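The values are calculated or read from the model by the stated rules, or taken from the named source; none is laboratory data. Quick caveat, the model's predicted, so the values are computed rather than measured. Because the Cβ atoms are built from the backbone with ideal geometry, glycine has one as well, and the counts that use them run over all protein chains shown. These accessible areas exclude ligands, DNA and RNA; they are computed on the full protein's heavy atoms, side chains included. Shrake-Rupley method; radii C 1.70, N 1.55, O 1.52, S 1.80 Å.
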Amino acid sequence: MLWWCAAQTAAWDWSWRAYPGVWLFLLACIGAYALIGRGRARRTGQRVRVGYAIVAFLLMWSALDWPLGTLGGGYLASLHAVQFLFLAMIAPPLLLLALPRVPESGSPPAIARLLLFGAVVFATHLPAISDALMRSQPGAFLVDILWIGGGLLYWAPVVQPEGQGSMSPILRMGYLFALMVLMTGPGALITFADVPLFAVYELAPRVNGFPALSDQRLAGVLMKVGGAVIIWTAISILFYRWHREENRLLQAEIRDMAARSVSTADHL
Amino acid sequence: VESTQDRARRTGWRGVLLETPVPVPAVTLTDMRGQPFHLASETAGSLTLLFFGYTNCPDICPVHLSNLAAVLPRFPWDVRSRIRVVFVTVDPERDTPERMRTWLERFGPGFTGLLAAPETVDRLQQQMGLPPAVVQERRSGGAYDVGHAAAVLAITPDGLVRVSYPFGTRQADWLHDLPRLLRTFSD
């Protein structure tokens, strides 16, 4: 019985396969979320947070379970890239937004988070490491956990509420941009290689005759373009909020100055 | 099992060099147009990649052939024109010439499909040091798989089977070895 999606030698068909390890893992995540959110049900914004959690868990489920998990785990590098985007780039910020906001203290600095996540992305996309891990179920499980864990670590400063110790909006935007620069390396390596780099996907039974090199190039493009879309979306949201806040402060200042000038005129 | 990298470091080749090269047996098969194909004379002077498989193969055959189909167009014409891919079916019951032609065309032009009686194919494999194919148990509906050797054999232009490429041979390995085989073992 298979418990996690990993490389396989059997030809791909659309027959359903069960992965009990994926279900147990997701149930544990949902249980942990319910436990953390317990007693806070009536707080403002709770419905929105539950909505974020539902979307995050659905994305994780779709990335880890059949068919996307099976295809990405052992047949198509392009779908492995989609799994990466779901597990490391979209689900983590949504999960963090779904959790009650608590100020962080003693957590690693942003630069350490960026470098750690960059190292995870780089290492899990190195052919020798990726091939070694994806051939076994524990290895494939480790890759998925590293992506989710690395994603949570990386995205925390971006979604952290503003306050003491949090990064300024400009720094957050720079932090996001830095990840895009870091991801350029693996993305370019995968896109522009002239031979398939990953033995797992090159030697997997072909799906609909899709050539291994085309699949790999699509994976690189998805990783680069998909990652860029996610990062620019996050930057746009931060910029919009920052602009709105700056505008609000400016308007308040103008109102204050106007009130003061009226009061001075009255006085005179 | 020795890794491809270790083998390459030791021998200079990504494939497995046969300890004793085997002369191409004098056997005649039938090509996809129904014409006789005398293996020794047809392969003389070119680098022939000979593979025993079947068109219903779910995994090994399509992977080997699609990897070969991906690398061959990347060689310059003087190399490409001297490399030939020959596919001998181990499932003559289902692999008609028409079916083989249609299936091989999916990978690219220029692949030759050959048929022969099962005894001839078994003997040919034996002469080349490969185990004979074994038809597996039939599933409901009559479908069946065929267990067969997963190696591609390289017959060099001097008419000898010299190198075996097991399943797991990658495009980079073909790109590395094929021009060298032509250079090293041309007449």
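Assorted remarks:
- Answer residue from segment A:153-196, given it is part of a loop (DSSP other than H, G, I, E, B) and of a type in the set (A, V, I, L, M, F, W, C) and is nearest to the other protein chains (Cβ to nearest Cβ) among those: A:VAL195
- Unique match (being away from chain A (no Cβ under 14 Å) and of a type in the set (D, E, K, R)) among B:ARG106, B:ARG139, B:ARG101, B:ARG74: B:ARG101
- Condition check for B:ALA133: touching a His at 6+ places or on another chain (Cβ under 6 Å), closer than 24 Å to B:PRO36 by Cβ and not polar (S, T, N, Q): yes
- Among the candidates A:PRO92, A:PRO138, residue that is surrounded by fewer than 16 Cβ atoms within 10 Å (Cβ to Cβ) and either part of a helix (DSSP H, G or I) or at pLDDT below 95 (or both): A:PRO138
- Of the candidates A:ALA18, A:ALA28, the single residue that is aliphatic (A, V, I, L, M), within 28 Å of A:LEU71 (Cα to Cα), modelled with pLDDT of 90 or more and in a loop (DSSP other than H, G, I, E, B) is A:ALA18.
- Scanning segment A:152-175 for residues that are open to solvent by less than 30 Å² (accessible area, probe 1.4 Å), closer than 13 Å to A:TRP242 by Cβ and aliphatic (A, V, I, L, M) yields A:VAL158, A:MET173.
- Exactly one residue out of A:ALA81, A:ALA119, A:ALA123 is of a type in the set (A, V, I, L, M) and either buried (at least 19 other Cβ atoms within 10 Å of the Cβ) or more than 28 Å from A:ALA178 (Cβ to Cβ) (or both): that is A:ALA81.
- Residue pairs whose Cβ atoms lie under 7 Å apart, sitting 6 or more positions apart in sequence or on different chains, and linking a residue in segment B:152-163 that is open to solvent by 20 Å² or more (accessible area, probe 1.4 Å) to a partner that is of a type in the set (A, V, I, L, M) and part of a loop (DSSP other than H, G, I, E, B), are B:GLY159/B:VAL24; B:GLY159/B:ALA44.
- Single residue of segment A:176-196 satisfying the filter (of a type in the set (Val, Ile, Thr) and either in contact with a Lys or Arg (Cβ under 7 Å, 6 or more places away or on another chain) or open to solvent by 40 Å² or more (accessible area, probe 1.4 Å) (or both)) that is nearest to A:LEU238 (Cα to Cα): A:VAL181
- In segment B:100-124, of all residues being closer than 14 Å to B:ARG33 by Cβ and of a type in the set (D, E, K, R), the one that is least open to solvent (accessible area, probe 1.4 Å) corresponds to B:ARG101.
- Considered as a group, the residues in segment A:197-211 that are touching a Lys or Arg at 6+ places or on another chain (Cβ under 9 Å) and at the interface with chain B (Cβ under 7 Å from one of its Cβ atoms) include one that is surrounded by the fewest Cβ atoms within 10 Å (Cβ to Cβ), and that residue is A:GLY209.
- Pairs with Cβ under 6 Å, 6+ apart, first in segment A:31-57 and open to solvent by 50 Å² or more (accessible area, probe 1.4 Å) and among the hydrophobic types (A, V, I, L, M, F, W, C), second assigned to a helix (DSSP H, G or I) and at pLDDT 90 or above: A:VAL55/A:LEU94
- Where A:TYR52 falls short, out of the listed (1) modelled with pLDDT of 95 or more; (2) touching a Gly at 6+ places or on another chain (Cβ under 9 Å); (3) over 30 Å from A:ALA10 (Cα atoms); (4) not hydrophobic (A, V, I, L, M, F, W, C): (2)
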